[in-house]
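The values are calculated or read from the model by the stated rules, or taken from the named source; none is laboratory data. Small disclaimer: the values here were computed from a predicted structure and weren't measured. Heads up, the Cβs are rebuilt from the backbone with ideal geometry, glycines too, and the neighbour counts pull from every protein chain shown. Ligands, DNA and RNA are stripped out before the accessible areas are found, and what is left, the full protein with its side chains, is counted by its heavy atoms. Shrake-Rupley method; radii C 1.70, N 1.55, O 1.52, S 1.80 Å.
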Amino acid sequence: MRKIIFTLLLASSLTVSCQEKENKGNFTFSGSVDTYYSSNLSKNSLGTVGVLSDVPANGFGLGMANTIFSYEKGKVGVVADLAYGPRANAYTGTVNQLYVYYKSSEKVTFTLGQFNTFFRYKVISPVGNFNYSVSYLFNAGPFSHTGLKVDYAASDDLSFMLAVTNPHTITTGSNPTHDYQLGFQTGYKGQFLNLVYGAVTQVGATDYLFLDYASGFSLSESFFFGINAAYSNSNNDEIDYQSIALYLQNTFSNTFSLGLIPEFHKTTS
């Protein structure tokens, strides 16, 4: 089945910063809200927007609203990101992010808690991800992680990240099986290679491998060409898939952009 979903997205955001005395740190409040209208050219199978089965592809709808509270003092900071609406309910629940971080140096940052995924095209917030109707690749996740990660900025162009987290299907509560995931990312000039290995479900397979490549190129002042390729495998669950999605985006003005996502995938189970 082939389907093309055109989505018009309206998103707005607000940021308020309060700089108090130096010894009291810096508090920031920000947030966003988005609504959309979508239309599918297919009359036989309308489909849905992303994996939101209760949101039809044809019509107006509310995506999500979120409020972000952050506080930083010296090398330490905390972020609380609360989300509401159908999109939030489908992906992360009310707590989108809740973490503390410590900047041990200009190059090294430790983060502990629940944070959005480092897989570049899997961010659920439309403010951070233009590709609102998403793709089969997006549906596979992960969307967020709960655990510890270390980011190292080797230079302005080169970065590395290591992480130990719960299975990405566990975003709240305990981890009853003591099974975890190992994560890795390297980025160079806007090209990112991501890897996750370990458990996915609370009482299921523990040998899932996720490989993900994400990149993007501005071919002109208005046209952006993005690529997301992925491979996943589990011998325990006897599943294997490969997928590639292209993100074609053209900005016609400061208020109007249009995107198209051709996608090719293969699944064996």
| Calculated FRET value between SER253 and TYR213, using beta carbons and R₀ = 25 Å, to 0.05 | 0.20
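Provide VAL100, VAL123 ordered by accessible surface of protein heavy atoms (probe 1.4 Å), highest first. Intermediate results must be reported in sequence, preceding the final value.
On the way: VAL100 70, VAL123 30 Å².
From most exposed to least exposed: VAL100, VAL123.
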| said: With a 1.4 Å probe and all protein chains kept in place, how much accessible area does LYS75 have, in Å² rounded to the nearest 10? | reply: 110
| message | Using protein chains only and a probe of 1.4 angstrom, how many square angstrom of PHE27 are accessible, to the nearest 10? | response | 80
| remark: Each label sits 7 Å from Cα toward the beta-carbon; between TYR152 and SER104 the label points are separated, in nm, by 1.0
| said: Using protein chains only and a probe of 1.4 angstrom, how many square angstrom of THR169 are accessible, to the nearest 10? | reply: 70
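Could you state the accessible area per residue of the range 66-221 in Å², with a 1.4 Å probe and every protein chain left in place?
On the way: 7410 Å² over 156 residues.
Per residue, the range 66-221 has 48 Å² of solvent-accessible surface.
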| field | HIS178, HIS168, HIS145, ranked by accessible area, largest first (probe 1.4 Å) | value | HIS178, HIS168, HIS145
| Rounded to whole Å, sorted largest first: equivalent-ellipsoid semi-axes of the range 67-198, Cα gyration tensor | 22, 18, 17
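Multiplying the sequence separation of LYS75 and ALA229 by 0.36 nm and subtracting their Cα-Cα distance, what value in nm do you get?
Working: separation 154, 0.36 × 154 = 55.44 nm, distance 3.57 nm.
My answer for the length gained is 51.9 nm.
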